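Have a look at the structure below, then the notes.
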Amino acid sequence: MIALLPLTALASLLLLSLSLVSVVYAADEACPPLKTRLQYQQANSPADISSVLRVVVERVNRELEGVIDVDVEWTGSELHRKVGKYGIKTRVTRTKASASDDDSGAQDNSPITECFTIPFIIEDTNECELPMGHDMRHSCHESSKCVNTEGGYECRCEGEGLWGRSLKAASCPLSPSTEGCCSAADSECRSNFVCPVNPCGLDGGNDCDSSKGATCRSSVYEDGSGVEYSCLCPEGLLGSGRLCSSSDVVPQPKVGFDGKPTADTVASNFCSCTKPAVDQCAGFPTCEKKNAVCMTRPDGSKPSCQCKPGYLDTEAHGCVDETPPNLKLRCDPDGDGVTRLKQGDNYEECAVDIEDANAEDLARTLKITYSDPLPSGCLRKMGQFHVNYTVATPWTEPPFHTVTRTVEVGDLNECSISPQQESHYCPEVLPRCDVASGAICKNTEGSYTCECPKCTTGDGFLPISGVKPNDSSSPVNYSGGNGCVDNCKPTIELHGPNPKVFRACKCGGLLGMTKDARTLDKKDSADGNFDADVKALIRVSAGAELCATKENKDSVTSASCATALDHTHNGVVDLTAQIQVGDPIKHSSAKNSWRVPYNVMDKAGNRAQTVWRDVVVEELTLEELEAVMREEFEEEKKKAVDEAVAKAVKRERADCDGQKRRLEAELTSTEGGGSGGAARNKNNNRGRCPKCESCPPPPACGEDDHKSDKTLANDLRACKASLANSER
């Protein structure tokens, strides 16, 4: 039941709520106002019960948490665009937890019913300025002027003296305006408020229906206050006497049993002139019961008050419509009573249209019940719930009528929401995966989960405010939002000799390769103690000495000795520059032998498995050291000779092949000159050696290199000598 009451009267009016169980509300019961207030211009204010219900319930649902049902009280007669301030009284049942300010964490979901008032304000609209076609636009006659008033308007005649009053044939005769004459709802009265204009006149511009015997007559009002013209019907006929237009209703004037025109006939002011019918109920006293009218009997007896056709006469409620109310769901495009939404959508209460002829006459109650408490924000849980709308009809059996709406909440693919679309969704459904650490969002039925990439560990989520792990509202596998943490260890690969061998003369210290190593004081190693020298060699060369050789001794660096790689979700990260070369650790069981550790740690704190390089010191006598050095010198010399011979052979082969091609080209050119050319060729061929054989190919793999090179060199010399003889 919606009660639209002036705010000043709320404390003194006792309302009766008609629902399944009658409840009397105390007159002094506190109903604090909600923050929301409904404010309308008169032209846009609700004109029926259904329009108010939806707005009121929607505001309650948005402002209050955990609503279970809403009782709205109303009296339909208040909803006729009356300017003023009113209050809509609502009784809201919701969970105690949502109504309490207690934040101790206790969840009391038992129901509690509270009373609230929603302020309802209707402000005045200037009907005189509304556009044509608007249902509230003034209906003043074109001869009058529309003047706006608080909650309505009046039609005035302009002019001085007698011209400032209306005509007698018009509504509100002899009045300067319709104020106090025409009722607020009587637009026809205003439209018939006609101010003085040219009457019959010389131009004959009147619209009297002369075919019906109507005559135009100009006359002064009986009190001399104005001029009028009228079309007078012949005696025995009723009507305005004016011609009927296509928009006029068919004239059906009536007179009562006293012979006087009925009120409807006078108000209708039928066009033309028509013989009236006799209405026996005309002039009969107004019936006291609502929806009761004067009716005559076929036997011609005296009229009496009876319920209108289709209405039932009840002792408690008078004449009530026998037809039960028709409840029609709003926002039901498919007509199947199902509202289809997705997770993340907001449920908007559309309410119902109530088609009920009794709604304006009797106090009513509409109850809206939700099978599950509605969240204050968007819908996060996939599934189904129901909304029941019940209207009380105590004069019917059963004494109420109900319609149900089914709300289906489908799955939302949270992972498909792009960053550009996030503003269109409520925060509760946006995926919270640790994307920066490589987490991948995976949709699930009714939720989603986050999967960490290879070489990481964790739940893959960022922390979600207000959500605890493994509760009903948390995403799948959410453990508090510890993201994805790198858990793969980097790897180290050593380069260069392993073991690294240093040679030391038994009469002296270690012999290093690099410049810094050669300048060390080796007095300790001269005594057979190499610990300090090994550490010093590593320190001064930053570890480069451990992979130095004769070939790279001038370019070797610490990065040449080892590389470290870390496999992450973003690819391979080079950690070579962060490798730590530790101090050498001496073998306990082997003389002059050490192990040098290589370590590295990635950004996530994962340490690589330690890699070791063995270091060995060989002590040699002067004779042994000289033999080793001589052997190394001979190997280097042989290698240099081999490289020089290979280059020379390649160059000589190229020269030989070039000379051969030039000689063959000259011979081909000479042989192509005919008989004369043949004689010349014969003379020219004298003294020439036979055609040289092709230069030998390079030796096959596996042959003796020195023998092949020597043979090839001899062949090249023979080829060159042969070519020289040929040219001579």
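The values are calculated or read from the model by the stated rules, or taken from the named source; none is laboratory data. If you're wondering where the values come from, they're calculated on a predicted model, not measured in any experiment. Please note: Cβ atoms are built from the backbone with ideal geometry, for glycine as well, and neighbour counts cover all protein chains shown. What goes into the accessible areas is simple: the full protein's heavy atoms, side chains included, and nothing from ligands, DNA or RNA. Shrake-Rupley method; radii C 1.70, N 1.55, O 1.52, S 1.80 Å.
Values computed for the structure shown
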item: Any chance Asn482 is of a type in the set (S, T, N, Q), closer than 30 Å to Leu546 by Cα, open to solvent by 50 Å² or more (accessible area, probe 1.4 Å) and not in a strand (DSSP E or B); result: no
item: Residue selected from segment 41-73 under the condition within 20 Å of Arg330 (Cβ to Cβ) and either basic (Lys, Arg) or touching a Lys or Arg at 6+ places or on another chain (Cβ under 7 Å) (or both), by the criterion surrounded by the fewest Cβ atoms within 10 Å (Cβ to Cβ); result: Ala47
item: Every residue from segment 227-251 that is assigned to a strand (DSSP E or B), charged (D, E, K, R) and modelled with pLDDT of 85 or more; result: Arg242
item: Filtered residues of segment 577-589 (kept if assigned to a strand (DSSP E or B) and over 52 Å from the mean Cα position of the chain (by Cα)); result: Val581, Ile585, Lys586
item: Hits in segment 269-283 - residues which are on the phi < 0 side of the Ramachandran plot, out of contact with any helix residue (DSSP H, G or I) (no Cβ under 8 Å at 6 or more places or on another chain) and not in a strand (DSSP E or B); result: Phe270, Cys271, Lys275, Asp279, Gln280, Cys281
item: Number of positions in segment 63-82 that are among the small types (Gly, Ala, Ser) and either modelled with pLDDT of 85 or more or assigned to a loop (DSSP other than H, G, I, E, B) (or both); result: 1
item: Within segment 566-585, considering residues that are of a type in the set (A, V, I, L, M) and touching a Phe, Trp or Tyr at 6+ places or on another chain (Cβ under 9 Å), the one farthest from Ala436 (Cα to Cα); result: Ile585
item: Residues satisfying the stated conditions in segment 252-267, i.e. within 17 Å of Pro285 (Cα to Cα), part of a loop (DSSP other than H, G, I, E, B) and not β-branched (Val, Ile, Thr); result: Gly256, Phe257, Asp258, Gly259, Lys260
item: Odd one out for Ala536 among (1) modelled with pLDDT under 65; (2) small (Gly, Ala, Ser); (3) in a helix (DSSP H, G or I); result: (1)
item: Count of residues meeting criterion [part of a strand (DSSP E or B), over 60 Å from the mean Cα position of the chain (by Cα) and under 24 Å from Ala542 (Cα atoms)] in segment 590-632; result: 8
item: Meets criteria (charged (D, E, K, R), over 21 Å from Lys603 (Cα atoms) and open to solvent by less than 70 Å² (accessible area, probe 1.4 Å)) for Glu422; result: no
item: Complete set of residues in segment 89-105 that are modelled with pLDDT under 85 and either open to solvent by less than 70 Å² (accessible area, probe 1.4 Å) or within 28 Å of Ser177 (Cβ to Cβ) (or both); result: Ala97, Ser98, Ala99, Ser100, Gly105
item: Some residue of segment 185-203 being modelled with pLDDT of 85 or more, open to solvent by 30 Å² or more (accessible area, probe 1.4 Å) and either touching a helix residue (DSSP H, G or I) at 6+ places or on another chain (Cβ under 6 Å) or assigned to a loop (DSSP other than H, G, I, E, B) (or both); result: yes
item: Those residues of segment 402-416 which are within 30 Å of Asp313 (Cβ to Cβ) and open to solvent by 60 Å² or more (accessible area, probe 1.4 Å), in sequence order; result: Thr402
item: Residue match in segment 284-302 (condition: touching a residue at least 60 places away in the same chain (Cβ under 8 Å) and in contact with a strand residue (DSSP E or B) (Cβ under 6 Å, 6 or more places away or on another chain)); result: yes
item: Neighbours by Cβ (under 6 Å, 6+ apart or cross-chain): first from segment 47-66, under 16 Å from Tyr370 (Cα atoms); second part of a helix (DSSP H, G or I); result: Glu65/Ser98; Gly66/Ser98
item: Boolean, Asp258 is within 19 Å of Ala169 (Cβ to Cβ) and open to solvent by 50 Å² or more (accessible area, probe 1.4 Å); result: no
item: Residue within segment 126-138 that is closer than 30 Å to Pro33 by Cα, in contact with a strand residue (DSSP E or B) (Cβ under 9 Å, 6 or more places away or on another chain) and at pLDDT 90 or above present; result: yes
item: Within segment 542-576, tally of residues that are more than 17 Å from Ile492 (Cα to Cα) and either in a helix (DSSP H, G or I) or open to solvent by less than 20 Å² (accessible area, probe 1.4 Å) (or both); result: 2
item: Failed condition for Pro697, given (1) loosely packed, with under 11 Cβ neighbours inside 10 Å; (2) modelled with pLDDT under 85; (3) assigned to a helix (DSSP H, G or I); result: (3)
item: Segment 577-600, residues that are open to solvent by less than 80 Å² (accessible area, probe 1.4 Å) and modelled with pLDDT of 90 or more; result: Ile579, Val581, Gly582, Pro584, Ser593, Trp594, Val596, Pro597, Tyr598, Asn599, Val600
item: Residue match in segment 274-284 (condition: open to solvent by 80 Å² or more (accessible area, probe 1.4 Å) and closer than 30 Å to Ala392 by Cβ); result: no
item: Which listed residue, of Pro399, Pro453, Pro469, is touching a residue at least 60 places away in the same chain (Cβ under 8 Å), surrounded by 13 or more Cβ atoms within 10 Å (Cβ to Cβ) and out of contact with any strand residue (DSSP E or B) (no Cβ under 6 Å at 6 or more places or on another chain); result: Pro453
item: Matching entry among Pro431, Pro475 (being over 30 Å from Thr365 (Cβ atoms), touching a Ser or Thr at 6+ places or on another chain (Cβ under 6 Å) and modelled with pLDDT of 90 or more); result: Pro475
item: Those residues of segment 360-394 which are in a loop (DSSP other than H, G, I, E, B) and open to solvent by 50 Å² or more (accessible area, probe 1.4 Å), in sequence order; result: Glu360, Asp361, Ser371, Asp372, Pro373, Ser376, Arg380, Lys381, Met382, Pro394
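For (1) in a strand (DSSP E or B); (2) within 18 Å of Gly377 (Cβ to Cβ); (3) among the aliphatic types (A, V, I, L, M), each residue gets a yes or a no:
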| site | (1), (2), (3) |
| --- | --- |
| Val409 | yes, yes, yes |
| Leu412 | no, yes, yes |
| Gln420 | no, no, no |
| Ser423 | no, yes, no |
| Thr449 | yes, no, no |
| Val467 | no, yes, yes |
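Condition check ((1) open to solvent by less than 20 Å² (accessible area, probe 1.4 Å); (2) touching a residue at least 24 places away in the same chain (Cβ under 8 Å)) across all residues:
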position: Thr125; (1), (2): yes, yes
position: Met132; (1), (2): no, no
position: Arg137; (1), (2): no, no
position: Glu158; (1), (2): no, yes
